[in-house]
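Peer 1: Here it is, the structure, as structure tokens.
The values are calculated or read from the model by the stated rules, or taken from the named source; none is laboratory data. These numbers come from a predicted model, not from an experiment. As a convention, Cβ positions derive from the backbone with ideal geometry for all residues, glycine included, and neighbour counts pool all protein chains shown.
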Amino acid sequence: MYAIRVLRSHGMPESALQQVFRAVVVSKLTYAAPAWWGFTTSTDRQRIDGIFRRANKSGLWTSDSPTFEALCSSADDELFTELYIH
């Protein structure tokens, strides 16, 4: 998030900042999420949701974007679809 603030202070457009957020932060959080998401506690999930709430306040993640839980569910569905196809 610090790097995104630095990019913003150097004048990077908002749409580019949103792309950086998705490419860096969201991809790091969703990497291997099907393997670890089921082991998270409610406190863990609140902390992750806090990241997205702060991103929403700063304009990096819109309120109509999917929640992190929805992203994890989608990743689960894709994983199990691939397993059943092959």
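Peer 1: Which members of the range 37-86 meet the condition of being of a type in the set (A, V, I, L, M), farther than 18 Å from Q18 by Cβ and out of contact with any Ser or Thr (no Cβ under 8 Å at 6 or more places or on another chain)?
Peer 2: If the condition is that a residue be of a type in the set (A, V, I, L, M), farther than 18 Å from Q18 by Cβ and out of contact with any Ser or Thr (no Cβ under 8 Å at 6 or more places or on another chain), then L79, L83, I85 are the ones that fit.
Peer 1: Mind checking which residues of the range 35-63 are touching a residue at least 12 places away in the same chain (Cβ under 8 Å), surrounded by fewer than 16 Cβ atoms within 10 Å (Cβ to Cβ) and more than 20 Å from Y2 (Cα to Cα)?
Peer 2: Within the range 35-63, R45 is the sole residue that qualifies.
A quick yes/no check of all residues on (1) within 14 Å of C72 (Cβ to Cβ); (2) modelled with pLDDT of 95 or more:
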| position | (1), (2) |
| --- | --- |
| A3 | no, no |
| H10 | no, yes |
| P13 | no, yes |
| R22 | no, no |
| L29 | yes, no |
| A33 | yes, no |
| T40 | yes, no |
| R54 | no, no |
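Peer 1: Then there is this: Of all residues in the range 22-75 being part of a loop (DSSP other than H, G, I, E, B) and among the aliphatic types (A, V, I, L, M), which is nearest to the chain's Cα centre (by Cα)?
Peer 2: Applying the filter and picking the extreme gives L60.
Peer 1: Here is a follow-up. Can you tell which of A16, A32 is exposed (fewer than 15 other Cβ atoms within 10 Å of the Cβ), of a type outside the set (D, E) and at positive phi?
Peer 2: Unique residue meeting the criteria: A32.
Peer 1: Taking L79, is it touching a helix residue (DSSP H, G or I) at 6+ places or on another chain (Cβ under 6 Å) and surrounded by 15 or more Cβ atoms within 10 Å (Cβ to Cβ)?
Peer 2: So L79 fails the test.
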